[in-house]
1. Working only within the stretch 82-110, note down all residues that are closer than 15 Å to A47 by Cβ and surrounded by 13 or more Cβ atoms within 10 Å (Cβ to Cβ).
2. Within the stretch 64-122, count every residue that is closer than 21 Å to A39 by Cβ and of a type in the set (D, E).
3. Look through the stretch 112-144, keep the residues that are among the small types (G, A, S) and at pLDDT below 80, and return whichever of them is farthest from N77 (Cα to Cα).
4. Report, by residue number, each residue of the stretch 141-155 that is touching a residue at least 12 places away in the same chain (Cβ under 8 Å), more than 15 Å from Q177 (Cα to Cα) and either surrounded by 14 or more Cβ atoms within 10 Å (Cβ to Cβ) or in contact with a helix residue (DSSP H, G or I) (Cβ under 9 Å, 6 or more places away or on another chain) (or both).
5. Would it be correct to say that I52 is β-branched (V, I, T) and modelled with pLDDT of 65 or more?
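The values are calculated or read from the model by the stated rules, or taken from the named source; none is laboratory data. This one's a predicted model, so the numbers in the text were calculated from it and none came from an experiment. No Cβ is skipped: glycine too gets one built from the backbone with ideal geometry, and neighbour counts run over all protein chains shown.
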Amino acid sequence: MGYLDNSGLSKVLTKLKSLIDKKSDKGHTHNYSMPVTTAGTGAAYTATVDGITTLAVGTSITIVPHTVSTTISPTLNVNNLGGKMIRRRVSNATGTLTSGYAESWLTASKPVQVTYDGTFWVADVPKPNAVDIFGSVAIAHGGTGATTAKDALNNLGITWSTTAAPNTGTPNSIYIQIV
């Protein structure tokens, strides 16, 4: 096994940099990890990011909103390349995108990583809001397996009625009246 002296190490690093530079010119995407504070408004954010001259699919940056968002569908215009809506995933396990859950979903001074998907900037918001939940969740996964309260009670084996609970009942029983 041989060792490199300073001259040999310098040549290797120069060659490596050359190879990286050549790759970056062929449309490869980059993660620009240095946070960038936005400007503009809470409806139309702007950002200046060194090294981005075109919006390529997969380009990822971390923005720090300078102000709270004022719409559920704010835009982000990076380096004057055109404003694109900022969207977020319905959950961590889906490709389905949606608008913010409230006008103030982007918080001032709280970093958010966004990745360009060719149409939108997709925010990496790790915790979806409860209003995003749709459909039914199987009982085995902690849900009720239903989309209505009545079906949920039935699925969980709970007896219910639309009339008032009886004056006397079975010990250890719970009566639920649905109105």
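1. Of everything in the stretch 82-110, those that are closer than 15 Å to A47 by Cβ and surrounded by 13 or more Cβ atoms within 10 Å (Cβ to Cβ) turn out to be G83, K84, M85, I86, L106, A108.
2. Final tally of qualifying residues: 1.
3. Selected residue: A140.
4. Filtering the stretch 141-155 down to residues touching a residue at least 12 places away in the same chain (Cβ under 8 Å) leaves 144, 147, 149-150, 153, 155.
Checking which are more than 15 Å from Q177 (Cα to Cα) leaves us with 144, 147, 155.
Scanning the stretch 141-155 gives T144, N155.
5. Spelling it out, I52 is indeed β-branched (V, I, T) and modelled with pLDDT of 65 or more.
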